[in-house]
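Presented below is the structure to which this report refers.
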Amino acid sequence: MANRALGAPRLKGPQPLPEQAVAAQSKAQADTLIKAGDSRLADRAFFFAMLACALSVIAIVVLIVYELVTKSNLSWHAFGLKFFFRSEWDPVNDQYGALPFVYGTLVSSALALLIAVPLAVGVAAYITEMSPRWLRGALAFTTELLAAIPSVIYGLWAIFVLVPLLRQYVQPFLARYFGWTTLFDGPPYGIGMLAAGIILAIMVVPIISSITREVMTAVPQQQREAVLALGATRWEMIRTGVLRNARAGIAGGVILGLGRALGETMAVTMVIGNRPEIAKSLFAPGYTMASVIANEFSEATGDVYLSALVEVGLALFIVTIIVNILAQFLVWTVTRGTPARSHA
């Protein structure tokens, strides 16, 4: 039985605030919001700062084009558009043409992508889909480490390791069994377009592989499980459930790799042979636009000679723009302007 002498505990419930306190509190909150919202000056400053950052990119591109065009005026007046289709490069007689350099740049880059894309996609597929967990991190780190090696180190390695291997083993084998294609005929010097394409392939593999790996990792796990549940093999799962959904990202990685291949200078200069000629054989020496600028810009004595080298840089810029436009069209043909759809 309860002891009534103790009485019920006296607990204070929530008490209503006086009207004056409520009004003062509301006014304080309103003043705080008004002060916080009165920032039109800061908003406008932030807007113009971001606009300046965006316009600076356009301004840099415009300035680059302006400098290339103005500094190549002498070559433009001397040769016109025929400069891009002439094969002669004779600084003694001031006769210049950029066609051998355009040819060397495109062929070496295409050969590099032909070798690098299957290798990079295979590395990415193994790391994301088949590699054991304890090996996955080491493989990914080693692959990305290749991108941090300076190009001159690649060039030295190519001179002392790659070129002797090509001269003694690879090029004689290709000439013996595939010489009928006329792509692998001629003396096996080791240096040439084939060596340049291989060294460029090694240099662009980390870029394509890294982007491909990130895109494949972003594919939902349910997609893989759904394909396997339908009775597909692991290869069919990777091909239809992962690679098909990651094709737009893979195309983007290939574009970045192509950009690296087009502009590479030192490593290519050390192994391509540096001869301004157009040859069908991949064993023959060649020249790229970046290499001729790096080799001869400091030695250019005449004004027309210097202007021609600047116009070669303009040709490299134009080729880069055309390749990027074609690459964007390739991405559009793959995705049809829409994100990649799920395919079981």
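The values are calculated or read from the model by the stated rules, or taken from the named source; none is laboratory data. Everything numeric in this text was worked out from a predicted model, so none of it was measured. Using ideal geometry, Cβ is built from the backbone for each residue, glycine included, and neighbour counts are taken over all protein chains shown. Ligands, DNA and RNA are stripped out before the accessible areas are found, and what is left, the full protein with its side chains, is counted by its heavy atoms. Shrake-Rupley method; radii C 1.70, N 1.55, O 1.52, S 1.80 Å.
Couple of notes before you dig in:
- Cβ-Cβ FRET estimate between F329 and L55, R0 fixed at 30 Å, reported to 0.05: 0.65
- Amide H to amide H, with H built 1.01 Å from N, G273 comes under 5 Å of G192, G286, counting only residues 5 or more places away or on other chains.
- For R260, R133, R213, R275, the ranking by accessible surface with the largest value first comes to R133, R275, R260, R213, using a 1.4 Å probe.
- By average C-beta atoms within 10 angstrom, highest first, the peptides 101-110, 276-285, 61-70: 101-110, 276-285, 61-70
- Accessible-area value, M270, 1.4 Å probe, nucleic acids and ligands omitted, Å²: 50 Å²
- Sorting E311, E299, E129 by solvent-accessible area of protein heavy atoms yields E299, E129, E311, largest first, with a 1.4 Å probe.
- Residue order for F83, F48, F329, F184 - accessible surface, 1.4 angstrom probe, largest first: F329, F48, F184, F83
- The label-point distance for Y126 and L183, in a model that sets each label 7 Å from Cα toward Cβ, rounds to 2.4 nm.
- Considering every alpha-carbon pair of the stretch 226-292, the percent of pairs per 5 Å bin, from zero through the bin containing the longest distance, is 3, 15, 14, 12, 10, 8, 9, 10, 8, 6, 4, 1.
- Measuring only protein heavy atoms, the 1.4 Å probe finds I322 accessible over about 90 Å².
- Summing +1 for each Lys or Arg and -1 for each Asp or Glu among the other residues whose beta-carbon sits under 9 angstrom from that of I238 gives +1.
- Surrounding net charge for M203, when Lys and Arg each add one and Asp and Glu each subtract one, Cβ distance under 14 Å: -1
- Alpha carbon centroid spacing (whole Å) that separates the stretch 166-204 from the stretch 227-278: 21 Å
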